[in-house]
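Quick notes on the structure that follows.
The values are calculated or read from the model by the stated rules, or taken from the named source; none is laboratory data. What you see is a predicted model, and the numbers here were worked out from it, not measured in a lab. When we count neighbours, we look across all protein chains shown, and the Cβ atoms used for this are built from the backbone with ideal geometry, even at glycine. These area figures cover heavy atoms from the full protein model, side chains too; ligands, DNA and RNA do not enter into them. Shrake-Rupley method; radii C 1.70, N 1.55, O 1.52, S 1.80 Å.
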Amino acid sequence: MNKTKLIALFSALPLAVAITSAIEAKTYSDEFLQWKQQTMTSYQQYKDERDKAFTDFLKKQWKEVDTEEGVVRDATPKPVDMPIAKPKPVKIKEPLPVVKLPETVKPLPPKPVVTAPTTDIPVVSMPVDKKPQKERPVFDQPLADLPKIDLPDVSQPELKKPETEKPIIEQPKLDQPVVKQPVIIEEPKIQKPTIEQPVIEQPVIEKPVIEKPVAEQPKKPITTPIVIADPKKKPLPKYSGVKHTFNFFGRKTTIYADRKLSKGLGHKYNSKTIADGWSNLSLTDYEPVLEQLSHIANTHNLGDWGKVQLAFALTKKLYPSNINNQSFATWFLLIKQDYQARLAYNDKGVYLLIPANESLYEVTFFTFGGKRFYAVSPDGKSKDLGRVFTYDGEYPRAVEPVSMKDNLAFSDETNYKQRSFKFSFDKRQHRITLNVNPSRVNYLASYPQMDIDQYFVSPVDTVTANDALAHFRPLLEGKTELEAVNMLLRFVQTGFEYQTDDQQFGYENYLFAEETLTMPASDCEDRSVLFAWLVRELLGLEVVGLDYPGHIAAAVHFSKPVPGDKVAWNGKDYTVTDPTYINANSGMTMPEVAAHKPKVVAIQ
């Protein structure tokens, strides 16, 4: 073979390889598309089979049960008038250390930037009350809106498509060309155009913004965040369907839904109409709605209870005048999100039932398999249901209970409200003004009543926490642990009007710490929750709750012994601190409960 032919042969070799590769790539691509189509068909069949089986189940498996009235947490009457203490000077054997205040209250870690548009923030409106006796105002006087606070970048996580309907377990075992998927060929997309060093130059992680109390943050320049493109993540699609816009705890929220989702049950409630209703909804294009619900929940950092409330808010738009259809559609949406929701009906209506991880009080329930299912309603009202028909069974994979724990929902707030407080300590008057998250306060007000420990451990909005630190820092710096605790006691004792829950609401209603900061009045458990949070967050001292008959107080573990009444718990002494016993210092027990041994409420 001469030299010319040899050169020609080698020159043609790359072309031949390229042609062969292209043919193989096309073959792989065709196989992948065929496999994908088969998988989607199998998925649809799998989904249809589940819904068909559940529809058949709902036609047959109902039985009549007696519901139980909600449990009353503590029927002991609370004192209407609080006693006023006359503290005396105390002698400390060993000097207590000076308190060490944190530089800042640790904020949530930054979240990935979401490409979807954020919702607008309208004027706050309260949700429907838990009982109809009285309205619950959010603030005790009209307050001017604050200038928009520039918060640290807490961009929201990108939507992860809900795994509710992914038939991963039941995918057909076809000859899947996994190794040959052209997706692998696309890996060279790692061009990473955004890893250009301007990321380092942008002051997104600017330390002063995080470390300074939020109330005093310098104004952040409005910039477009630099996002590193991730080829594995897809932006949210543009949804079709009927546009539903509603107020979700002060946030203007929009969801697009299939028109057929608005088809309700009619006016007769029985096993057949409910089974047919399930079948009708399961045939709609509901998956995009689940995606949008998941995105909104991630944006606002909602826990399980927040997702229940979000489903309620949407179904109120789907069925604006029919609470039975609202309960029915919420049941459907929760099951499709893998929650162990159930439904009950009688001749009066349809009722949503959820199994909560925590005990709920004054909420009607029934028990299956040792587990309580609570009847929660879109209007927030507790109902005495009497005898109802329900079923004992689960939709495939819908086995998750509803946790009432708060994930610091609505931590993306930017429009705060202010509340001012006056109190006196050591013959000096003090005034502080705190920023409070209105969306979050309204959301917390939607909670059913729970055990007191849930209120003690609930987190507080990061802006509010940093604000409290900023205002109390100059008052507490240089003080001993005992002096600092007594000052915080005096703030809670005298900075709020006292009213029992029955006086303020007409029923027993424990408040979260942030609710107490916005209400015109509070009683013993509300004050104890707020005080315990202040001591833990600002002073870093250990606190427990004290549960007396008809009264809640707190107790603090000091570094060294201090005089006064104590309780022993977990090998440590905790000194009684009562935020409702006016002017009482650490170690003083309210005379009305001094004869009782309190239950210790752990705060962890």
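Numbers below:
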read-out: For the stretch 254-363: rounded, prolate or oblate by the Cα gyration tensor [a/c cutoff 1.5]; value: oblate
read-out: Solvent exposure, largest accessible area first (probe 1.4 Å, DNA, RNA and ligands not counted), of 537, 515, 477; value: 477, 537, 515
read-out: Largest-first principal axis extents of the Cα set of the stretch 453-568 (Å); value: 43, 34, 24
read-out: Accessible surface of residue 272 - all protein chains present, 1.4 Å probe, nearest 10 Å²; value: 120
read-out: Equivalent ellipsoid dimensions for the stretch 511-574 as semi-axes, Å, which come from the Cα gyration tensor, largest first; value: 23, 14, 8
read-out: The stretch 490-548, accessible area per residue, ligands and nucleic acids excluded (1.4 Å, Å²); value: 19
read-out: R0 of 35 Å, Cβ-Cβ distance residue 477-residue 592: FRET efficiency to nearest 0.05; value: 0.50
read-out: Span from the the stretch 425-492 Cα centroid across to the the stretch 259-314 one, whole angstrom; value: 38
read-out: Percent carbon-and-sulfur accessible area, the stretch 247-317, ignoring ligands, DNA and RNA, probe 1.4 Å; value: 47
read-out: Taking the convex hull of Cα positions in the stretch 557-604, its mean projected area over all directions (nm²); value: 3.9
read-out: Cross-link table 316/371; 268/371; 422/566; 422/560; 348/381, entries beyond 26 Å C-alpha to C-alpha; value: 316/371; 268/371; 422/566; 422/560
read-out: Charge sum, other residues only, whose C-beta stays under 9 Å from residue 357's C-beta, Lys/Arg counted +1 and Asp/Glu -1; value: -1
read-out: Convex hull of Cα atoms in the stretch 307-448, direction-averaged projection (nm²); value: 12.1
read-out: Rule-of-thumb Rg ratio for the stretch 52-92 [Cα; 2.2 N^0.38 Å; N residues]; value: 3.07
read-out: The stretch 421-501, Rg to Rh (Cα coordinates; Rh as Kirkwood inverse mean 1/r); value: 1.00
read-out: 300, 295, ranked by accessible area, largest first (probe 1.4 Å); value: 295, 300
read-out: Ranked by how many other beta carbons lie within 10 Å on average, peptides 398-408, 340-350, 273-283 from highest; value: 340-350, 273-283, 398-408
read-out: Cα-derived Rg to Rh of the stretch 382-434, Kirkwood definition; value: 1.32
read-out: Using θ = phi - 60° and Karplus 6.51 cos²θ - 1.76 cosθ + 1.60, couplings along the stretch 492-503 (whole Hz; Gly, Pro as x); value: 6, 5, 10, x, 10, 6, 9, 8, 6, 4, 5, 5
read-out: Protein accessible area in the stretch 514-604, 1.4 Å probe - carbon and sulfur %; value: 49
